[in-house]
Amino acid sequence: MNQDQLKTLVAQAALQYIEPGQIVGVGTGSTVNKFIDALATVKQRIRGAVSSSEASSERLRAHGIAVLDANAVESLALYVDGADEIDPHGCMIKGGGAALTREKIVAALAERFICIADESKYVPVLGRFALPVEVIPMAAQQIARRFAAHGGVATLRLQGGQPLRTDNGQHILDVTGLCIDEPLAFESEVNNWPGVVCVGVFAHQKASVCLLGTAEGVRTLR
Ligand code: 5RP
């Protein structure tokens, strides 16, 4: 199976966690797009979704699935999202699709985070994938210097030659050269730096379950 087929496999496997009448937290990315398409096949059974990006909201609505405001919901039973990396403890790097801030907000509403990923995302230690960090533009250079003190190299993410603007109107730094062997402590530290909107380490909101697509089928990691 190729990577695309593995993504389809785990996206469909995530449907087993959905119960009638639920409002489903929905992430962002190519794996989640497949999940949204799968969710459309059971849309009569759910009340709607809380979405983590404009792109996912658009896809959900195109399928006729109601998109609710996160403020209208006190809690969610589950949140389904992909990852750029996931370690054996369920800690993740996310934000390859620039949606990390809203992803963390919706994940924080949910009792369970169901991560759907192909096996290329499974790593022993986080840090091979460049860490996305959403920042207030005027703080970008001082945040880059703080990462340099950790051995990281921060690069401003561009789109069409211009700094990418997130759904929240902010910028993204992608940081290479990090070895994130204490994700909880690292996430807390970076969150405290002025100008950081959100760091793409998901350790406080780690996955409860990971459905990993492998050549042998779906592996469930808890
Ligand atoms: C978007 C994300 C995605 O979940 C992550 O980038 C994985 O994406 P894909 O499923 O396309 O590999 O964090 O901000």
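Numerical summary
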{"quantity": "In segment 155-180, the residues that are at pLDDT 95 or above and over 23 Å from GLY27 (Cβ atoms)", "calculated": "THR155, LEU156, LEU158, GLY160, GLY161, GLN162, PRO163, THR176, GLY177"}
{"quantity": "Among residues of segment 112-145, those that are farther than 22 Å from LEU164 by Cα and touching a residue at least 60 places away in the same chain (Cβ under 8 Å), counted", "calculated": "12"}
{"quantity": "Residues of segment 61-112 classified as part of a helix (DSSP H, G or I) and closer than 16 Å to LYS34 by Cα, total", "calculated": "2"}
{"quantity": "Tally, over segment 90-99, of residues that are within 10 Å of the ligand (Cβ to nearest atom) and more than 13 Å from SER56 (Cβ to Cβ)", "calculated": "5"}
{"quantity": "Exclusive hit being touching a strand residue (DSSP E or B) at 6+ places or on another chain (Cβ under 7 Å), farther than 26 Å from ASP69 by Cα and near the ligand (Cβ under 9 Å from one of its atoms), set ASP87, ASP118, ASP81", "calculated": "ASP118"}
{"quantity": "Long-range neighbours under 6 Å by Cβ, at least six apart or interchain, first residue in contact (Cβ under 8 Å) with a residue 12 or more places away in the chain and over 10 Å from GLU134 (Cβ atoms) within segment 149-173, second outside any loop (DSSP other than H, G, I, E, B) and aromatic (Phe, Trp, Tyr)", "calculated": "ALA154/PHE147"}
{"quantity": "Residue match in segment 65-77 (condition: touching a strand residue (DSSP E or B) at 6+ places or on another chain (Cβ under 7 Å), at pLDDT 95 or above, closer than 18 Å to VAL209 by Cβ and within 15 Å of the ligand (Cβ to nearest atom))", "calculated": "no"}
{"quantity": "In segment 13-29, residue nearest to the ligand (Cβ to nearest atom) [restricted to those that are surrounded by 18 or more Cβ atoms within 10 Å (Cβ to Cβ) and farther than 22 Å from ASN71 by Cα]", "calculated": "GLY29"}
{"quantity": "Segments classed as strands (runs of 3 or more DSSP E), wholly inside segment 113-222, with at least 2 members that are of a type in the set (Val, Ile, Thr) and surrounded by fewer than 21 Cβ atoms within 10 Å (Cβ to Cβ)", "calculated": "153-156, 196-199, 209-214, 217-221"}
{"quantity": "All positions within segment 51-65 that are in contact with a helix residue (DSSP H, G or I) (Cβ under 8 Å, 6 or more places away or on another chain) and on the phi < 0 side of the Ramachandran plot", "calculated": "SER51, SER52, SER53, SER56, ARG59, LEU60, HIS63, ILE65"}
{"quantity": "Number of positions in segment 30-55 that are more than 19 Å from ALA13 (Cβ to Cβ) and buried (at least 22 other Cβ atoms within 10 Å of the Cβ)", "calculated": "4"}
{"quantity": "Restricting segment 178-203 to residues that are of a type in the set (Gly, Ala, Ser) and touching a residue at least 40 places away in the same chain (Cβ under 8 Å), the residue that is farthest from LYS94 (Cα to Cα)", "calculated": "GLY195"}
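One line per residue, one yes/no per condition, for (1) more than 17 Å from ALA83 (Cα to Cα); (2) of a type outside the set (A, V, I, L, M, F, W, C):
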position: GLY97; (1), (2): no, yes
position: ILE114; (1), (2): no, no
position: LEU126; (1), (2): no, no
position: GLN141; (1), (2): yes, yes
position: ALA148; (1), (2): yes, no
position: LEU158; (1), (2): yes, no
position: GLU182; (1), (2): yes, yes
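The values are calculated or read from the model by the stated rules, or taken from the named source; none is laboratory data. All of these numbers come straight from a predicted model, not from anything done at the bench. Because the Cβ atoms are built from the backbone with ideal geometry, glycine has one as well, and the counts that use them run over all protein chains shown.
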